[in-house]
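*Asks:* Input: one structure, supplied below.
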Amino acid sequence: MISQKLINPKSIVVVGASNDVQKPGGKVLKNLLSSNFKGTVYVVNPKEAEIQGVQCHHKVEELPQVDCAILAIAAKYCPSTVDVLAKEKSCGGFIILSAGFSEENAEGAAFERHITETINSVEGSLIGPNCTGFLNTNYCGAFDAPIPPLSSKGVDFITGSGATAVFIKEQGITNGLSFNSVWAVGNSAQMGIEEVLEHLDNTFNPETSSHVIMLYMEKVANPQKLLKHSISLINKGCKIAGIKSGGSAAGSRAASSHTGALATSDVAVEALFRKAGIVRCHNREELTTVCEIFMHPEVKGKNIAIITHAGGPAVMLTDVLSNNGMEVPHIEGPDADELLTKLFAGSAVGNPIDFLATGTAEQLGTIIDYCENKFEKIDAMAVIFGSPGLFANWEVYQVLDEKMKTCKKPIFPILPSIINVKEEIADFIQNKHRINFPEECVFGNALAKIYNTPKPAPLQPQLPNVDVNAIRSIIDKAENGYIAPEMIRGLLDAAGISRAGEANVTNINSAVEEAKKLGFPLVMKVIGPVHKSDVGGVVLNVKDEETVRHEFERMMKIKDTTAILMQPMLSGMELFCGAKREAKFGTMVLAGLGGIFIEVLKDVNAGLVPLCHDEAMRMIATLRGFKMLKGVRGQEGINIEKFVDIVVRLSALVHIAPEIAEMDLNPLLGKADQVVAVDARIRIEK
């Protein structure tokens, strides 16, 4: 639990305070004195008698008891200072702005460890070091600017980068976003993003807590904690959006299998956010826009009415929404005809509802009333209203504000004329406490991203019926590395994953006998080489004994071959399912199109184990090639439910056997009546 001496202190000391407000120690004191803090402020500086009107202490030993300390002194002085404050002055909240710790060298890392151990020993809480600080509605303990508008209903912003936080705040403030707290965790020596989320979860009050959380992350230190508390918060009514930067392909590591090559850490982050219900964003504008939408009533469906006096922006917004799974439904019928009579000639109500550049505030109010009360299939309204500079928009924005107070359906103001009517927009934001979405396509993309983000998955879904004892028995006996085919078959059977009939043979007579049992035509594959096709180790459509003999002799000469796998020649659409253990995240299951398509198209989705049925279905239904799976242009589709079942069963298998580091079922063959595993590889890493 985070100490109340950090959250709501009665007294604060700034150690390293300065009269120079261009230094962190000066600026943080200025921000603190200018904030809503009602308690006592102390300052420490050995060279000053008074700083910014506050009587100065020359050393921390002179201080009375104090709740919270903000340190802006050299790193080497921080350990001894924290010792005095924590052990002698009952200090329980610490914000260390100073740099020169673990981010710099081993000596700094030792300072950081000492400080953390001292603060832990008194059950205190630490923000930083190497951060811009912390602020909430009680006080400002940060040295950066701007200080955002603060409200208990504003956004809780948790960031791993203080500088990035400045730019994100500027972006949000410009459009009217308010904040409840800003946590710049810096080096996260004691408390990182996951710990702050845990605090927000454990102290959540539906009446008084913020319901919107914004994250900026450069690392995911504890994925399971992030998952647990994000799901809990969202299920309590919160909404969370986040950026996780640093996920480019250049950062991914090479691996020996298809799954390993595809399952980069960024794929794991994507799967984590999706499982948690976090809306993943990729830039500051997108992040702030998503959170600005979160500050409005929730959009219950995908049908949007676009109300506009300018055709171009409405067309562009329609395109963005329609191309991202939302709808701008056609509006027609008696109510639409009636509305048209209340507008100027030349207006259109089919959606977008265009009431022309000459449209009035009264007409805007009427249109909104019709969308609210008569057009039942409309779920939300986007109102585009700017100005060519010929007239003021005071009355229009007043009507818009009033309708937003009374309508149950969300109304999103898109006010693009940030120069021509900047005074009216400033009034709308500052005095009416509204948010503006100045660019319609940015808004549309953000709204669609929210709509397309699934609700949180259950943390402990019900697993399918699998033979746990048989799975554990095989895994416990297995050694590290790729396991033998008979062990793979045992695991697949124990998990209830359908597989093709097969036989492993090591001599030519056995090959002929097994071929007769399996029936022609056959597939013959080498056992041993990783990429069988590349070495000529796969032969299809073997139709007779003579070919069996010939190919057996040839294939056994291929390097690293230990045996030959024989299977009936099956047909169907090639599918893929696999799993890979990712450090800290757990195991991911991947599913998509198989065969060469996995190499070329990489049309694969990932989910974190354990997966429920709905998660697996979403993984498959959101594949780019999903229409192929359903059947297209006369081609037979596959049994999608059986594909989903295999994904869920594979998830259960690797959940029970986390020693499975990598696993491929490639290909699976899918038809209308079945989905069958044809080839499989499993690597154990205990």
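The values are calculated or read from the model by the stated rules, or taken from the named source; none is laboratory data. Every value quoted in this text rests on a predicted model; they were computed, and no experiment measured them. Positions of Cβ are backbone-derived with ideal geometry, glycine not excepted, and every protein chain shown enters the neighbour counts.
*Asks:* I'm trying to understand the selection: among the residues of the range 118-131, which are over 24 Å from the mean Cα position of the chain (by Cα) and of a type in the set (Val, Ile, Thr)?
*Replies:* Correct list: THR118, ILE119, VAL122.
*Asks:* For residues that are part of a helix (DSSP H, G or I) and either surrounded by 13 or more Cβ atoms within 10 Å (Cβ to Cβ) or aliphatic (A, V, I, L, M) (or both), tally how many sit in the range 388-437. Break it down into steps so the answer makes sense when it comes.
*Replies:* Kept after step one, since they are part of a helix (DSSP H, G or I), are these residues of the range 388-437: 394-406, 422-430.
Filter once more, so that each one left must be either surrounded by 13 or more Cβ atoms within 10 Å (Cβ to Cβ) or aliphatic (A, V, I, L, M) (or both): 394-404, 424-429.
Selection size over the range 388-437: 17.
*Asks:* Among the numbered criteria (1) crowded, with 20+ Cβ neighbours inside 10 Å; (2) farther than 28 Å from ALA268 by Cα, which single criterion is violated by GLY592?
*Replies:* Single failed check for GLY592: (2).
*Asks:* Considering only the range 318-337, state which residues are in contact with a helix residue (DSSP H, G or I) (Cβ under 6 Å, 6 or more places away or on another chain) and part of a loop (DSSP other than H, G, I, E, B).
*Replies:* ASN324, GLY325, MET326, VAL328
*Asks:* May I pose another question? Six or more apart or on different chains, Cβ under 6 Å: which pairs go from a residue in the range 329-348 that's in contact (Cβ under 8 Å) with a residue 40 or more places away in the chain to one that's among the charged types (D, E, K, R)? Could you list them?
*Replies:* Final answer for the pair search is PRO329/LYS377; ASP335/LYS374.
*Asks:* On the given criteria, is SER125 in the same structural domain as ASN31 (by TED's automatic domain parsing), out of contact with any Pro (no Cβ under 6 Å at 6 or more places or on another chain) and within 14 Å of ALA184 (Cα to Cα)?
*Replies:* Numbers: in the same structural domain as ASN31 (by TED's automatic domain parsing): yes; out of contact with any Pro (no Cβ under 6 Å at 6 or more places or on another chain): yes; within 14 Å of ALA184 (Cα to Cα): yes.
Spelling it out, SER125 is indeed in the same structural domain as ASN31 (by TED's automatic domain parsing), out of contact with any Pro (no Cβ under 6 Å at 6 or more places or on another chain) and within 14 Å of ALA184 (Cα to Cα).
*Asks:* Only strands (runs of 3 or more DSSP E) wholly contained in the range 16-85 count here; list those with 2 or more residues that are over 38 Å from the mean Cα position of the chain (by Cα) and farther than 14 Å from PHE143 by Cβ. Step through it out loud before you land on a result.
*Replies:* Details: elements: 40-44, 54-57, 68-71.
Per the criteria, 40-44, 54-57.
*Asks:* Condition (residue is touching a helix residue (DSSP H, G or I) at 6+ places or on another chain (Cβ under 6 Å), within 23 Å of VAL538 (Cβ to Cβ) and at pLDDT below 90) applied to the range 635-645: is it met by at least one residue?
*Replies:* No, every residue in the range 635-645 fails to be touching a helix residue (DSSP H, G or I) at 6+ places or on another chain (Cβ under 6 Å), within 23 Å of VAL538 (Cβ to Cβ) and at pLDDT below 90.
*Asks:* Would it be correct to say that ILE656 is touching a Lys or Arg at 6+ places or on another chain (Cβ under 8 Å) and within 24 Å of PRO458 (Cα to Cα)?
*Replies:* Working: touching a Lys or Arg at 6+ places or on another chain (Cβ under 8 Å): yes; within 24 Å of PRO458 (Cα to Cα): yes.
Judged against the criteria, ILE656 is a match.
*Asks:* Here's a check for you: in the range 563-616, which residue that is over 30 Å from ILE231 (Cβ atoms) and among the acidic types (Asp, Glu) is farthest from the chain's Cα centre (by Cα)?
*Replies:* Only one residue tops the list, namely GLU574.
*Asks:* For LEU340, indicate whether it is touching a Ser or Thr at 6+ places or on another chain (Cβ under 8 Å) and not in a strand (DSSP E or B). Before you say what the answer is, go through the steps one by one.
*Replies:* On the way: touching a Ser or Thr at 6+ places or on another chain (Cβ under 8 Å): yes; not in a strand (DSSP E or B): yes.
Answer is yes for this residue.
*Asks:* Restricting attention to the range 304-321, does a residue exist that is under 30 Å from GLN224 (Cα atoms) and charged (D, E, K, R)? So that I can check it myself, show each step before the final result.
*Replies:* Kept after step one, since they are under 30 Å from GLN224 (Cα atoms), are these residues of the range 304-321: none.
Checked against the condition, which is being under 30 Å from GLN224 (Cα atoms) and charged (D, E, K, R), the range 304-321 yields no hits at all.
*Asks:* Just the residues that are of a type in the set (A, V, I, L, M, F, W, C), surrounded by fewer than 23 Cβ atoms within 10 Å (Cβ to Cβ) and more than 13 Å from VAL523 (Cβ to Cβ), please, taken from the range 564-584. I'd like the intermediate steps shown before the answer.
*Replies:* Quick first cut of the range 564-584, residues of a type in the set (A, V, I, L, M, F, W, C) only: 564-566, 569-570, 573, 575-577, 579, 583.
Checking the rest, the ones that are also surrounded by fewer than 23 Cβ atoms within 10 Å (Cβ to Cβ) come to 565, 569-570, 576, 583.
The answer is PHE576, ALA583.
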